[in-house]
Amino acid sequence: MKLASLKGGRDGRLIVVSRDLTRGAPIARWATLQAALDSWAEAEPDLRACSRDLESDHLSYSFPFDPSACAAPLPRAYQWADGSAYVVHVELVRRARGASLPPSFWTDPLIYQGGSANFLGPCDPVAVADESWGLDFESEIAAVTGDVPMGIAAEQAGAQIRLLMLANDVSLRNLIPAELAKGFGFFQSKTWTSFSPVAVTPGELGDAWNGGAVDLPLLTHLNGELFGRPNAREGMVFDFPRLIAHAAMTRPLIAGTIIGSGTVANDDRSAGSSCIAERRAIETIDQGEPKTPFLKFGDRVRIEMLDAQGRSIFGAIDQVVEPYTPPA
């Protein structure tokens with residue numbers, strides 16, 4: 001089952017989307033994805049029935065699906081907590097600046113809590129006021145949870161994954177050092193986050209879903225050129241059940257909480273990278289200095305995942321960077 005939110009109102013308008021991403025249909029009883037997540041036991045059978053009718057072409061009120069008309073599947077969420085499950089990514093970035101990796105990073109997940117009040121849609125521009133802030137994309141997988149009780153074990157947490165989607169967790173790299181030096185974490189350096197046009201139930205991935213990770217390459221293109229295609233399962237030290245359990249250790253998670261994987265990365269450098277900072281780190285390690293510039297106004301980033309037959313699963317995040325003009 002594939003779900004999307006058309007733009008309209010703060011929480012969008014929920015639709016069911018066909019597996020080939022060509023058709024969509026509303027479902028009257030569930031106006032928003034958050035409403036469906038709040039009552040998932042009731043909503044899921046209705047949504048699946050609509051999905052079956054859509055696939056069999058039994059819905060006279062279906063319409064062509066247009067990703068550019070979509071908000072994020074959840075245009076705003078109660079919580080967005082982004083992990084760093086691919087420890088090789090953390091190790092590379094730290095090594096480039098001469099810092100070692102504490103052993104605990106391999107056993108204890110990293111998570112930060114980001115802003116979740118106004119996510120970008122998959123084709124919305126990324127507006128930034130100043131190029132010198134070091135704009136970077138981060139290509140990720142994200143899981144949407146149901147209600148997760150505090151203290152849940154990782155072995156039970158996987159059952160709380162309702163949906164999966166792609167994410168672009170935008171970072172302002174040149175603002176990060178000063179923020180982290182204060183010892184209080186990210187805020188201004190973590191700006192927009194955008195998500196794929198559709199969110200899918202884990203079963204849509206078939207054998208590519210092992211209950212905790214997605215065994216497929218995540219493709220990132222920058223200005224039409226392939227930037228990276230690391231496999232999203234390889235190198236994922238902490239899978240989604242582990243990340244969810246970590247996030248819920250001291251608090252319950254409300255239905256609609258989004259948990260990010262962090263930048264997808266592999267040990268195999270031939271797979272490329274899912275963010276510019278990692279490529280710059282590799283350049284620094286190998287050549288003594290970074291060569292790849294951060295994003296400039298007019299740059300286009302495309303993030304997508306294809307199934308074994310080459311079909312888009314989530315649709316594509318396809319965004320252009322543009323200057324932002326603050327209000328007078």
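The values are calculated or read from the model by the stated rules, or taken from the named source; none is laboratory data. The structure presented is a predicted model; accordingly, all values stated were derived computationally and were not measured. Please note: Cβ atoms are built from the backbone with ideal geometry, for glycine as well, and neighbour counts cover all protein chains shown. Heads up: the accessible areas ignore ligands, DNA and RNA and are worked out on the full protein's heavy atoms, side chains in. Shrake-Rupley method; radii C 1.70, N 1.55, O 1.52, S 1.80 Å.
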Criterion: modelled with pLDDT of 95 or more, in a loop (DSSP other than H, G, I, E, B) and open to solvent by 60 Å² or more (accessible area, probe 1.4 Å) - qualifying residue of 251, 242: 251
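Could you tell me whether any residue of the range 193-205 is without any contact (Cβ under 8 Å) to a residue 60 or more places away in the chain, more than 13 Å from residue 304 (Cα to Cα), charged (D, E, K, R) and surrounded by fewer than 23 Cβ atoms within 10 Å (Cβ to Cβ)? Outline the logic, then answer.
Let us first name the residues in the range 193-205 that are without any contact (Cβ under 8 Å) to a residue 60 or more places away in the chain, namely 202.
Restricting the remaining residues to those that are more than 13 Å from residue 304 (Cα to Cα) gives 202.
Within this subset, residues satisfying the condition of being charged (D, E, K, R) are none.
Within the range 193-205, not a single residue is without any contact (Cβ under 8 Å) to a residue 60 or more places away in the chain, more than 13 Å from residue 304 (Cα to Cα), charged (D, E, K, R) and surrounded by fewer than 23 Cβ atoms within 10 Å (Cβ to Cβ).
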Residue list for the range 9-32, restricted to those being over 19 Å from residue 205 (Cβ atoms) and in contact (Cβ under 8 Å) with a residue 60 or more places away in the chain: 10, 11, 12
Within the range 254-271, considering residues that are out of contact with any Asp or Glu (no Cβ under 7 Å at 6 or more places or on another chain) and in contact (Cβ under 8 Å) with a residue 24 or more places away in the chain, the one nearest to residue 213 (Cα to Cα): 259
Among (1) assigned to a loop (DSSP other than H, G, I, E, B); (2) in contact with a Ser or Thr (Cβ under 6 Å, 6 or more places away or on another chain) - the single one residue 280 does not satisfy: (1)
Check on residue 318, out of contact with any Phe, Trp or Tyr (no Cβ under 6 Å at 6 or more places or on another chain), part of a strand (DSSP E or B) and of a type in the set (D, E, K, R): yes
Residues satisfying the stated conditions in the range 154-192, i.e. open to solvent by less than 10 Å² (accessible area, probe 1.4 Å) and not in a strand (DSSP E or B): 157, 189
Odd one out for residue 99, checked against (1) out of contact with any strand residue (DSSP E or B) (no Cβ under 7 Å at 6 or more places or on another chain); (2) open to solvent by 20 Å² or more (accessible area, probe 1.4 Å); (3) in a helix (DSSP H, G or I): (3)
Matching residues, the range 114-143, being surrounded by 12 or more Cβ atoms within 10 Å (Cβ to Cβ) and either part of a helix (DSSP H, G or I) or free of Cβ contacts under 8 Å to residues at least 40 places away in the same chain (or both): 130, 131, 133
Selection within the range 283-315 - in a strand (DSSP E or B), open to solvent by less than 20 Å² (accessible area, probe 1.4 Å) and under 13 Å from residue 135 (Cα atoms): 301
Residue match in the range 219-236 (condition: within 19 Å of residue 301 (Cβ to Cβ), open to solvent by 10 Å² or more (accessible area, probe 1.4 Å), touching an Asp or Glu at 6+ places or on another chain (Cβ under 9 Å) and of a type in the set (A, V, I, L, M)): yes
Single unsatisfied condition, residue 220 versus (1) at pLDDT 95 or above; (2) farther than 16 Å from residue 272 by Cβ; (3) not in a helix (DSSP H, G or I): (2)
